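One structure coming up, written as structure tokens, with questions to follow.
What follows is calculated from the coordinates using simple rules that are stated; it is not laboratory data. This structure is a prediction, so every number in the text was calculated from the model and none was measured. Cβ coordinates were reconstructed from backbone atoms using ideal geometry, including for glycine residues, and neighbour counts include every protein chain displayed.
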Amino acid sequence: MKRPRFLVIGADAAGMSAASEARRVNPELQITAFDKGNFASYSQCGMPYWLGGVVKRREQLMARSVAGFARRDIEVRLRHEVLEIDTQRQVLHVRDLEARRVLVEPFDHLLIATGASPVEFPLPGRDLAGVFHLDVLEDAIRIDAFLQGQQPRRAVIVGGGYIGLELAENLTRRGLQVALVQRGEQVFHAVDQELAEALHEELDRHGVNLKLRDSIVRACAGQDGRVREVQTNDGNLAADLVILATGVQPNVDLALRAGIPFGVTGALAVDAHMKTSAAGVYAAGDCAEHYHRVLGKPVWIPLGTTANKQGRVAGRNAAGGKTSFAGIVATAVAQVFELGVARTGLNEWEAQAAGLKCETVLLKSTDQAGYMPGAEDLRVKLVVERGTGRLLGGQAIGKRGADKRIDVLATALYAGMTVSQLEELDLAYAPPFNSVWDPVQAAATRIRRQG
């Protein structure tokens, strides 16, 4: 009997999570993943830390090798670019980039896991040596080779989101003088201004030249043809390395050409089972929309955790199982030098943009009992729906403990809890770990009383 065939476009987080889950569910399924790149199943989130020397070897970023997948009867074909999806005939047209030939590959079920790619903008000097994006592992390898070969001393990072902040820290660790150019009034728009101010101070404390309310205009070459300076709206910055970290957009063109529609966010529309409108075709990860449990509607917030979860759901369903994606609450955390900053749910401006009437509280506390030697400052902000007390979101920042508090709040959001219920949680306490009232509960108490 012919084995049913599950094909995957994209061999990283969502794609290989789906392939692995499909194999667990259905040992008889024939599974093949295609990727135009040179690597499969690696940690994109770890790339800044490899560039900074925290992760010593590139191989440590690899979750599983092609040979490892093959031992589980999952075929991974690298350097294979999918050119066309024919949903009527249920075939893919795939270019083998090494053999320079086009293959026709039939499928019974298909997962589109094409991810996201950097937002490009017209920048004079973009093609100069020394100007990079950091998107895929090949980019990181090129940047590392440039760092080793050219020994740049001054780096300009454009964009103050997750990648920009992590690069600022890791290039500083590598010994470069770093300037960070951010168009808005704060870095890391995932949190509100009050918490971002602490990040600004931390960047300054570690020697990063933070240029807020500024944007890059051009990259300028020296006599050797490599980048030597960037022009911004506010002046010129010396630079022999420029990394553009100005955000990403979902890769949906391949699906759109096949008649598979995107949703209101611009990412591919999927249902709770990760199915698209095309029979037998699923989508997951950074190319797909994500249901937001607090907002009750699709959003697009590309995160590795979400990609892996959606991939697992798609793989199980494609293999004959039945499961649903529970949705997200946009939980995320980042390290900026000595500070951890985290968020979940909605921040204040997101709640207001959604038309929700909200109240907020910002609590200044400590990560353990305040009388303990070495206790560090910890700030927690809650966003609560006015009138109902429903928790809408939370943020935290400090040297230690921000991640723990946000995970508590994320769990509360999944349960639809109010701040009164948050106060009632039985959380761990001992002076080396916490105050008798955890900061998230102290913040909940304060906002309840002020309401």
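Taking amide hydrogens as modeled 1.01 Å from N in the peptide plane, which residues meet the under 5 Å criterion relative to VAL361, leaving out close sequence neighbours?
Close amide H contacts, sequence-distant or interchain: LEU382.
Report ³J(HN,Hα) in whole Hz for each residue of the stretch 94-109, in order, from the Karplus equation J = 6.51 cos²θ - 1.76 cosθ + 1.60 where θ = phi - 60°; Gly and Pro get x.
The phi angles translate into 10, 8, 7, 6, 7, 7, 6, 9, 10, 10, 10, 10, x, 9, 9, 9 Hz.
Note down the magnitude of the dipole of the chain about its Cα centre, charges +1 on Lys and Arg C-beta and -1 on Asp and Glu C-beta and zero elsewhere, to the nearest 20 debye.
840
Say the cut-off is 24 Å between C-alpha atoms; which of LYS297/LYS399; LYS275/LYS297; LYS381/LYS404; LYS275/LYS309; LYS364/LYS404; LYS211/LYS357 go over it?
LYS297/LYS399; LYS211/LYS357
Moving to a separate point now. Where does the charge balance sit around GLU289 when Lys and Arg score +1, Asp and Glu -1, over other residues with C-beta under 14 Å from its C-beta?
Net charge around GLU289: +2.
Enumerate the amide H contacts of THR366 below 5 Å, restricted to partners 5 or more residues apart or on another chain; note that Pro and chain-start residues carry no placed amide H.
Here LEU378 satisfy the definition.
Let me ask something additional. Nearest 500 deg cm²/dmol is fine: what mean residue ellipticity at 222 nm does the chain get from its DSSP H runs of n ≥ 4 alone, each adding -39,500 (n - 2.57), divided by its residue count?
-7500 deg cm²/dmol
Can you give the local net charge around ILE328? Use residues other than it whose beta-carbon is closer than 11 angstrom to its beta-carbon, Lys and Arg +1, Asp and Glu -1.
Neighbour charge sum, excluding ILE328 itself: +1.
With the Cα gyration tensor of the stretch 120-246 in hand, convert its eigenvalues to equivalent ellipsoid semi-axes via √(5λ) and list them largest first in whole Å.
Semi-axes, largest first: 23, 16, 13 Å.
Determine Rg/Rh for the stretch 332-451; Rg is computed over alpha-carbon atoms and Rh is the Kirkwood hydrodynamic estimate from the same atoms.
Rg/Rh for the stretch 332-451 comes to 0.96.
Taking 7 Å along the Cα-to-C-beta vector as the label spot, tell me the ARG386-ALA428 distance in nanometres, rounded to one decimal.
With each label point 7 Å from Cα toward Cβ, the separation is 3.9 nm.
Explain nothing, just compute: Karplus ³J(HN,Hα) = 6.51 cos²θ - 1.76 cosθ + 1.60, θ = phi - 60°, for every residue of the stretch 213-225 in order, whole Hz, x for Gly and Pro.
6, 9, 8, 6, 10, 7, 9, 10, 8, x, 5, 7, x
Whole-Hz ³J(HN,Hα) for each residue in the stretch 12-26, computed from phi via Karplus 6.51 cos²θ - 1.76 cosθ + 1.60 with θ = phi - 60°, x for glycine and proline: what do you get?
For the stretch 12-26, the Karplus-derived couplings read 10, 3, 5, x, 7, 5, 5, 4, 5, 5, 4, 5, 4, 7, 9 Hz, x marking Gly and Pro.
Just report the Cα centroid separation between the stretch 37-64 and the stretch 350-395, whole Å.
The distance from the Cα centre of the stretch 37-64 to that of the stretch 350-395 comes to 34 Å.
Going by amide H atoms built from the backbone, whose H comes under 5 Å of the H on PHE433, apart from near neighbours?
Correct list: ALA369.
Here is a further query. Quick one: net charge of GLN177's neighbours, Cβ under 9 Å, K/R +1, D/E -1?
Residues near GLN177 contribute +2 overall.
Separate question: I need to check one value: relative contact order of the chain, counting alpha carbon pairs closer than 8 Å and at least 6 residues apart, in percent.
14
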